[in-house]
1. Along each of its three principal axes, how wide is the spread of alpha-carbon positions in the stretch 19-218, in whole angstrom units, largest first?
2. Taking Cα atoms of the stretch 135-210, Rg/Rh with Kirkwood Rh, to two decimals?
3. Given labels modelled 7 Å from the Cα in the Cβ direction, how far is it in nm from Lys134 to Lys78?
4. Using θ = phi - 60° and the Karplus form 6.51 cos²θ - 1.76 cosθ + 1.60, what ³J(HN,Hα) does each residue of the stretch 20-28 get, whole Hz, x for Gly and Pro?
5. Around Phe123, which amide H atoms from residues at least 5 apart in sequence, or from another chain, sit under 5 Å from its own amide H, with H modelled in the peptide plane?
6. Pairs of Cα atoms under 8 Å, at least six residues apart: use those to get the relative contact order of the chain, whole percent.
7. Which order do peptides 33-39, 122-128, 172-178, 211-217 fall in by mean Cβ count within 10 Å, highest first?
8. With a ≥ b ≥ c taken as the square roots of the eigenvalues of the C-alpha gyration tensor of the stretch 44-152, please select rounded if a/c is under 1.5 and otherwise prolate if a/b is larger than b/c or oblate if it is not?
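Bear in mind these aren't lab numbers, they're just calculated from the coordinates by the rules spelled out. The structure displayed is predicted, hence computed values, not measured ones. Neighbour counts are summed over all protein chains in view; Cβ atoms, including those assigned to glycine, are modelled from backbone coordinates with ideal geometry.
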Amino acid sequence: MGGRLFKLQNTTTKVELTPFVAKHYDTILNILSFGIYPVFTKQVIEKAPFEDNDVILDLGSGTGRFACLINKKVSVKKYIGIDLSNIMIKQANKKCRGFKNFSFMQGEIQKEIPFDNEFDKVFISFVLHGFEQKDRIKIIKNAFKALKHGGKFVILDYAEKDVNKSPIIIKYLIRKIECPLAEDFMKRNLKAMLQSTGFAKFEELTFFKGYVRLGIATKQ
Ligand SMILES: C[S@@+](CC[C@H](N)C(=O)[O-])C[C@H]1O[C@@H](n2cnc3c(N)ncnc32)[C@H](O)[C@@H]1O
């Protein structure tokens, strides 16, 4: 457990990173994935439904990796990234310096967030799995509230899978490297969670033999 990348105690979330990991987050992911992660993130953004003139909220925006890719793909009207970590926000601000209409703010996405019917897209990447179930539901409710009618919640995260029946490398990744709540998330039915919160439509694309999913839910 000591080898995990994530803080384990005294935090409201289990995806809060240690300061060292936060500072070197992109490099660590690039190395751990043997260079696959940057290619994968590009593919995800190519397939994700972002469009010109979108107003986008990114929950747990990290170092701004996805903000950069979104900025390359489309001309956004407004992008706001929220993250708990000032170390991540600092990196995101540096990376996105000079981008028009991009900003990052510090906040806790499982608490009240000050947005109502404002966004065309709410994006969340590899964040939802790291929360207790009641906080995941709160985050989904926050996304629903923040979206305009017809807006889309775009979720990149682990898909439903039985880790017990997975190859040993997946067991090691999920149980030893990943956030302690990731396996719990993989047992949950995301579509049902979204429907119970009011989302009416759900589409999905999967990657890495179905272990990772880009889910898209619409607020109708
Ligand atoms: C695994 S990283 C993913 C970062 C980014 N979304 C990406 O895919 O590159 C998780 C992020 O969630 C942030 N985070 C953790 N708990 C949070 C909270 N309660 N509210 C907002 N952000 C949080 C962390 O600081 C970190 O940047």
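1. 44, 37, 29
2. Looking at the stretch 135-210, the ratio lands at 1.01.
3. 3.2
4. The phi angles translate into 4, 5, 4, 5, 10, 3, 4, 4, 4 Hz.
5. Here the answer is Leu57, Asp58, Leu59, Val154, since their amide H atoms fall under 5 Å of that of Phe123.
6. Values: 407 pairs, mean separation 41.4, N = 220.
Contact order relative to length: 19 percent.
7. Numbers: 33-39: 11.6, 122-128: 24.3, 172-178: 15.7, 211-217: 20.6.
Highest-to-lowest ranking by the protection proxy: 122-128, 211-217, 172-178, 33-39.
8. Numbers: a/c = 1.65, a/b = 1.18, b/c = 1.39.
Oblate shape, in that a/c is at least 1.5 and b/c is the bigger or equal ratio.
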